[in-house]
Every structure is written in structure tokens, then in C-alpha cells.
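Enquirer: Dumping the structure here so I can ask a few things about it.
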Amino acid sequence: MKSKLKIIFLFLLFSFNLFAQQSEQDKKMTWWREARFGMFIHWGPYSIFGGEWKGEDKYSEFVMLNAQIPLKEYAQVAATFNPHNFNAEEWVLTAKNAGMKYIVYTSKHHDGFAMYHSRCSKYNIFDMTVFKRDPLKELETACRKHGIKLGIYYSLGRDWEDPDVPTDWPTKGGRSNTWDYPDEDSKDINRYFERKVKPQINEILYQYNPDIIWFDTPEKTPAEQSAELRKMILNYNPNIIINNRIGNEKGDFEILEQKQSNEIKNNPWEACVTMSRNWGYIKRDKAFKSPEKIIHILTDVISKGGNLLLNTGPLADGSLRKESLAQMSAIGKWMHINGEAIYGSKPWIVYGEDAQKKEQTIVAKKGYEDEVYDATKEVTQDIRFTTRNEYLYIIARHWEDDIVNVKTLSKQKHVVTSLQMLGTKHSIAWEQTDEGLFIQLPKHMKNEKIKTYVFKIKL
């Protein structure tokens with residue numbers, strides 16, 4: 001009997017500890033899950049090239065790899081980096097006015113160049129260039145001033161400056177610097193972690209106090225290194241949120257790159273998507289997604305429980321592209337009206353009603369494997385749902401018809417007790433039948449540039 005009681009006690013104790021740990025994890029993730037929308041920034045010496053090398057088209061932040069530019073030569077170009085138009089206040093206010101709640105900044109991309117004042121590697125913007133400023137410190141100051149959370153991106157398993165970084169995608173050495181360091185078998189990734197990764201992550205923590213650490217490309221990162229990195233970060237601040245690209249299942253949330261989920265996901269996840277075709281600045285890249293397309297992506301992601309991290313690639317001089325500014329201005333106007341259906345919202349029992357015509361991704365016939373071309377203007381007339389407090393939000397996307405028909409909300413399944421439309425004080429005509437909920441779209445609202453309308457209802 002005593003043995004049974006002891007087993008029961010131990011089981012209950014174990015269950016309580018698991019519950020307490022999960023409760024703390026959920027609490028940590030609360031602000032992030034409520035924020036829903038952030039800005040991603042890809043910016044570095046590769047922005048100087050603008051996607052070109054000696055008259056040939058290359059791929060932005062991959063230009064060093066694509067053209068196999070010798071490290072010495074790449075460093076000479078990096079030394080000329082002088083983003084004299086960089087203004088952290090402008091970046092942060094642009095994000096804030098667009099309705100974004102956090103920013104993720106590339107502190108070090110695959111080229112290995114630190115876009116902050118790194119004390120443990122002279123290969124950085126402060127020591128190497130004529131700029132002699134720390135843009136990350138300025139960005140941190142602006143973020144704190146304007147209430148924006150700060151995330152810091154760090155390329156983990158790719159670094160073309162360091163001699164000890166092997167890769168295995170898509171084949172052995174496929175993303176390695178094999179022109180400066182050809183012997184893949186002699187590379188020791190643990191040396192790289194001890195010499196560069198851990199010291200830089202440590203200084204990022206203590207110099208900039210980030211809210212998010214956003215790793216990329218774990219590649220061949222050993223399990224013990226992922227575990228030690230996570231421990232280091234959480235020892236500094238247990239509330240820092242880490243994405244799953246720390247590797248080896250040590251992250252707090254999942255990343256979907258240039259795509260969305262097909263279903264509601266209960267665990268935290270984030271879609272990172274470009275405003276145009278590419279991550280970093282490319283001169284020839286003119287295919288910017290329309291603001292309506294971006295809202296289409298955002299509302300789909302939110303309806304399935306995710307966050308959207310929307311990327312922009314500033315110019316080498318530090319200014320944001322005029323196309324990005326126009327996009328974010330239009331998005332901000334929509335978010336100002338409809339944000340209550342986004343921030344702090346959760347998925348409903350179903351994510352929505354799909355149109356018969358599905359959105360498509362168009363892959364370039366010419367270009368690099370990592371370069372994805374998409375249908376920037378293709379949107380479909382369909383429905384998405386979110387919930388917040390006691391309300392259900394109906395998001396009618398790209399709605400061209402006079403009547404919004406929500407088949408899911410038939411009288412047999414749910415009873416609607418009240419309905420209002422965000423963005424207007426006018427009463428809205430609606431009727432609920434056994435066939436669904438029918439809402440008359442006000443004529444004056446059909447002139448909106450972003451034809452995505454939100455209705456707030458009570459069941």
C-alpha cells in the first residue's frame with residue numbers, strides 16, 4: 001500500500017512540475033503571441049552589391065556564395081559600407097505605424113559580417129567600415145523609446161568568414177566557403193562555436209538586451225551546442241524567446257519560410273515572408289506584393305494561430321525602399337481600423353472558408369534555388385475567422401460581391417446575436433438563415449484600396 005501511495009505521490013509531483021514548467025513557458029510567450037505582426041530586416045554589406053557581381057545577376061545576401069567572392073575581396077567591398085542615411089527612429093516608426101509590434105534585425109548573416117560593434121571579431125561594421133557607428137545600438141534605443149520589442153537574427157550554421165563551418169545542404173559543402181577553405185573534412189564546427197558563436201551571442205545579450213533571438217540555418221550544429229546556447233541565453237534572461245532554428249528541438253516557436261500553414265497549429269509558429277521577391281536589397285527586384293496581398297497573408301496566418309514576420313531589405317545607404325514605405329503606410333491604415341481582429345486574437349474552431357480557386361506560388365524558371373517568385377497580386381475572395389474575448393471576427397478578404405455569405409454561420413449551427421463592421425458607425429444589414437449568415441456590404445466601403453473587411457459578431 002505504501003509503495004502504491006509513493007508511486008502516486010511521485011506521479012502527481014512529476015505532473016505538477018510539468019504543468020508549472022508549461023505554465024511558465026505559456027506566460028513567457030504571451031506578449032509574442034498577442035503581438036502577431038513584426039518587421040524582419042535583411043541588411044549588410046551584401047546590400048552594396050544590389051544583387052550584381054561584375055555585371056552578372058546574383059542573389060542578394062548569397063552574392064558571396066553565388067560568385068565565390070574571395071573573403072579578402074569581399075572584405076574590401078564591406079569596408080566601403082557607409083549607410084549615411086540610416087535612421088533608427090525612421091525604421092522603428094515605420095514599423096510601428098504599420099501596426100508591427102516587434103523588429104528582427106540581422107546582426108550577422110551568412111557572410112559572417114557583424115552588423116553591430118562586436119568586441120570579439122573585428123569583422124564588423126564599427127571596426128571595418130568608414131561608418132563607425134553601431135546601428136544595432138541605435139535601433140535598440142529607438143525600439144525601447146517607442147515600445148517595440150527587439151529581436152536579433154544570427155546566422156548559426158553558415159559563416160563564410162570563419163574557416164571551421166562545414167555545411168550539408170543541399171549536398172556536402174553546398175553552403176560552405178569552399179573557395180577560401182576547401183577542405184570540408186578538416187573543419188571543426190565546435191571550434192567555430194567556441195571562438196565566434198558563443199562570444200558573439202554573449203555580447204549580443206549584454207550589449208542589446210534582446211527580447212527575441214532569431215537563429216537561422218542550424219545546418220550541422222551539434223545537439224550539445226544548441227543546448228548550451230539555450231542555457232546561456234536563458235541564464236541571462238529566462239524570458240527571451242528563441243526560434244526553432246537554434247536546432248535540435250531547443251526552440252520556443254516554429255518557423256515557416258515563404259509559406260503559410262494549411263491548418264490551425266496550436267503550438268507557437270511564425271511565417272517569415274518577403275515584401276518583394278527577395279530578402280536583401282536587389283536592384284532588379286521590382287515585384288513587390290500589393291498591400292492587399294500582404295493583408296491576405298497576414299489574416300491567413302493569424303486565423304491559423306501564427307505570427308507574420310514581414311521582411312524588408314533596406315538600401316546600402318540605410319534608407320528604406322520607397323516601395324516598402326508605401327506598402328507599410330497602406331498596411332498601417334488597414335491595421336488602424338481592423339487591428340482588434342489581429343492583436344491578441346486566437347483561432348476559432350475553423351480557420352475560415354476557402355475559395356475554390358487556390359493561391360499559387362510561382363517558382364522562377366531562371367534564378368537560384370533559394371529565390372522564390374510568387375504571385376504578388378493574386379488574391380482570392382474568401383473568409384477567415386479570429387476570436388478575441390467573447391467576439392468572433394469575420395474577415396471577408398478581397399470581397400467584390402455586394403453580399404458577404406458566411407456558410408459556416410448557418411442558423412442550425414450558431415446563433416448570431418449582434419453584428420457590427422469595423423471602420424464604420426453605420427448600422428449593417430444582415431440576416432441569418434439555415435444557409436448561412438448574409439451581410440450587406442455598405443457601398444461606401446467598397447471603394448477601399450484593400451478590399452478586406454472585418455465584421456465583429458457575438459454568438
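Enquirer: Note down all Cβ pairs under 9 Å where the first residue falls in the range 402-416 and is outside the structural domain of Tyr453 (by TED's automatic domain parsing) and within 13 Å of Ile439 (Cα to Cα), the second is surrounded by 14 or more Cβ atoms within 10 Å (Cβ to Cβ) and of a type outside the set (Asp, Glu), and they're at least six residues apart or on different chains.
Expert: Going by the 9 Å Cβ cut-off, there are no qualifying pairs.
Enquirer: Further question: Going by what's in this entry, would Ile212 be described as in contact with a strand residue (DSSP E or B) (Cβ under 7 Å, 6 or more places away or on another chain) and either on the phi < 0 side of the Ramachandran plot or of a type in the set (Lys, Arg) (or both)?
Expert: Taking the combined requirement at face value, the residue satisfies it.
Enquirer: What are the residues in the range 421-437 that are part of a loop (DSSP other than H, G, I, E, B), of a type in the set (Gly, Ala, Ser) and in contact (Cβ under 8 Å) with a residue 12 or more places away in the chain, if any?
Expert: Residue satisfying the conditions is Gly423 alone.
Enquirer: A follow-up question, please. Any idea which of Ser427, Ser410, Ser418 is under 20 Å from Gly352 (Cβ atoms) and among the small types (Gly, Ala, Ser)?
Expert: From the options Ser427, Ser410, Ser418, the qualifying one is Ser410.
Enquirer: Still on this structure, please answer the following. Could you tell me which of the residues Gly157, Gly173, Gly147 is surrounded by 14 or more Cβ atoms within 10 Å (Cβ to Cβ) and at positive phi?
Expert: Gly173
Enquirer: Condition first: under 23 Å from Tyr154 (Cβ atoms) and either under 16 Å from the mean Cα position of the chain (by Cα) or among the charged types (D, E, K, R) (or both). Now tell me which residues in the range 268-297 satisfy that.
Expert: Pro268, Trp269, Glu270, Ala271, Cys272, Val273, Thr274, Met275, Asn278, Trp279, Gly280
Enquirer: Now for a different question. All but one of (1) farther than 19 Å from Thr386 by Cβ; (2) modelled with pLDDT under 95 hold for Lys413; which doesn't?
Expert: If we test Lys413 against (1) farther than 19 Å from Thr386 by Cβ; (2) modelled with pLDDT under 95, just (1) comes out false.
Enquirer: Follow-up. Would you confirm, using the coordinates I've provided, whether Gly352 is under 23 Å from Gln420 (Cα atoms) and in contact (Cβ under 8 Å) with a residue 12 or more places away in the chain?
Expert: It is true that Gly352 is under 23 Å from Gln420 (Cα atoms) and in contact (Cβ under 8 Å) with a residue 12 or more places away in the chain.
Enquirer: Considering each residue of the range 65-81, count those that are surrounded by 17 or more Cβ atoms within 10 Å (Cβ to Cβ) and either in a loop (DSSP other than H, G, I, E, B) or modelled with pLDDT under 95 (or both), and give that number.
Expert: The qualifying residues number 3.
Enquirer: Name the residues in the range 146-176 that are of a type in the set (Val, Ile, Thr) and closer than 16 Å to Gln68 by Cα, would you?
Expert: Val165, Thr167
Enquirer: How do the pairs read when you match residues in the range 373-398 that are modelled with pLDDT of 95 or more with residues anywhere that are basic (Lys, Arg), using Cβ under 6 Å and keeping only pairs 6 or more apart or on different chains?
Expert: Hits for this filter: Asp382/Arg397; Thr387/Lys346; Tyr391/Lys456; Tyr393/Lys456; Ile395/Arg384.
Enquirer: Continuing with the same structure: Looking at Ile48, is it surrounded by 11 or more Cβ atoms within 10 Å (Cβ to Cβ), among the hydrophobic types (A, V, I, L, M, F, W, C), modelled with pLDDT of 95 or more and assigned to a helix (DSSP H, G or I)?
Expert: Yes; evaluated as a whole, the condition is true for this residue.
Enquirer: Hey, could you check the range 425-459 for residues that are at negative phi and among the small types (Gly, Ala, Ser) and say which is modelled with the lowest pLDDT?
Expert: Taking the candidates together, the pick is Ser427.
Enquirer: Could you please let me know if Pro210 is touching a Gly at 6+ places or on another chain (Cβ under 8 Å), assigned by TED's automatic domain parsing to the domain that holds His110 and assigned to a loop (DSSP other than H, G, I, E, B)?
Expert: yes
Enquirer: Quick check on Glu194: is it outside any strand (DSSP E or B), of a type in the set (Asp, Glu) and farther than 30 Å from Tyr351 by Cα?
Expert: For Glu194, the condition - outside any strand (DSSP E or B), of a type in the set (Asp, Glu) and farther than 30 Å from Tyr351 by Cα - is met.
The values are calculated or read from the model by the stated rules, or taken from the named source; none is laboratory data. These numbers were taken from a predicted model, which means no experiment stands behind them. Cβ: placed from backbone, ideal geometry, glycine included. Neighbour counts: every protein chain shown.
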